[in-house]
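The values are calculated or read from the model by the stated rules, or taken from the named source; none is laboratory data. Everything quoted here is computed from the prediction, not taken from an experiment. Here the Cβ positions follow ideal geometry from the backbone for every residue, glycine too, while neighbour counts run over all protein chains shown.
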């Protein structure tokens, strides 16, 4: 996106002239810039904040949701959008998040949102065999997401050579949320294979993105490729973020000995299965696994809601 984008210039003007705490205004600026970036990636050419409509906001929210952006983050971004629009006299943006399909709270549905393993293996296999270098790059990034539970941005930015420590552990630091770095140890054969494949495709910048494309441009290529090969909610019931769900569910079973709640039709079925395998210890095993996974996936210790989105609730 060009630096002279009129909406970005407007957001900066609002930041420089609005009253309120410096921190709040800076946050609104960042949130507004994210909105503009997403709006442009959706193909909208609107040039004035006074012309931003609920239709534009809905379009962006839908795009954010498709990319797996957290509900809390979307709400924060909309706060900046409303503030900037209001600065230019635009009071038409609905104050109700529900008007944009955003729930007021996180509901744990126990729905399995993981990418089916057969779909993952087929897509990665076809992409690896493709003569197109960018297809091979997408394959490598999908492998990193599935094998290590990485977020998309983390997979895009990972430098395999730098991230692999001398003792064989993996240090995840690039692209993390909130600066929550983490270390993955005892790498399996498939994890080592994913890193080796990514290393083969690393360019001058050290990661698997093309040297001539910025992250936003590469993201468009990434999603177009996934749609072409059938890894989307429309085609397989899960987005690429579902690879992180699949990793979490796999690790949960490794840590507890039984499958995650979302793999069962009812909570009662899950409890019965867990008890049959672990007896009275199943509750403690479940609790410990969730605590461990919050750290392993780069979430704070209070994010029980997010882990339940991956695993289901008990």
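Going through the stretch 229-248 one residue at a time, which ones are more than 18 Å from the chain's Cα centre (by Cα) and not in a helix (DSSP H, G or I)? The answer is 230, and nothing else.
Here are some residues: 141, 136. Which one is in contact (Cβ under 8 Å) with a residue 60 or more places away in the chain, outside any loop (DSSP other than H, G, I, E, B) and within 29 Å of residue 252 (Cα to Cα)? Working first, answer last.
Details: 136 fails: within 29 Å of residue 252 (Cα to Cα).
Result of the check over 141, 136: 141.
Report yes if residue 237 is at positive phi and either touching a residue at least 24 places away in the same chain (Cβ under 8 Å) or touching a helix residue (DSSP H, G or I) at 6+ places or on another chain (Cβ under 8 Å) (or both), otherwise no. In short, yes. Scan the stretch 297-314 for residues that are within 17 Å of residue 182 (Cβ to Cβ), out of contact with any helix residue (DSSP H, G or I) (no Cβ under 7 Å at 6 or more places or on another chain) and surrounded by 14 or more Cβ atoms within 10 Å (Cβ to Cβ) and the total you get is 1.
If the condition is being closer than 29 Å to residue 145 by Cβ and surrounded by 18 or more Cβ atoms within 10 Å (Cβ to Cβ), then the stretch 43-70 contributes 57, 60, 61, 64.
The helices (runs of 4 or more DSSP H) falling completely within the stretch 249-314 that include 1 or more residues that are more than 22 Å from the chain's Cα centre (by Cα) and touching a residue at least 60 places away in the same chain (Cβ under 8 Å) map to 267-278. Residues of the stretch 155-177 that are closer than 20 Å to residue 66 by Cα and crowded, with 23+ Cβ neighbours inside 10 Å: 155 alone. When every residue of the stretch 184-199 is checked against the conditions, at least one turns out to be assigned to a strand (DSSP E or B) and either without any contact (Cβ under 8 Å) to a residue 60 or more places away in the chain or in contact with a strand residue (DSSP E or B) (Cβ under 8 Å, 6 or more places away or on another chain) (or both). Scanning the stretch 200-222 for residues that are surrounded by 13 or more Cβ atoms within 10 Å (Cβ to Cβ), touching a residue at least 40 places away in the same chain (Cβ under 8 Å) and within 28 Å of residue 113 (Cα to Cα) yields 207, 208, 209, 215, 218, 219, 221, 222.
Is it true that residue 45 is part of a loop (DSSP other than H, G, I, E, B), under 28 Å from residue 152 (Cα atoms), modelled with pLDDT of 90 or more and outside the structural domain of residue 223 (by TED's automatic domain parsing)?
Working: part of a loop (DSSP other than H, G, I, E, B): yes; under 28 Å from residue 152 (Cα atoms): yes; modelled with pLDDT of 90 or more: yes; outside the structural domain of residue 223 (by TED's automatic domain parsing): yes.
When the stated conditions are applied, residue 45 passes them.
Any residue in the stretch 53-73 that is without any contact (Cβ under 8 Å) to a residue 12 or more places away in the chain and in a loop (DSSP other than H, G, I, E, B)? Scanning the stretch 53-73 turns up at least one residue that is without any contact (Cβ under 8 Å) to a residue 12 or more places away in the chain and in a loop (DSSP other than H, G, I, E, B).
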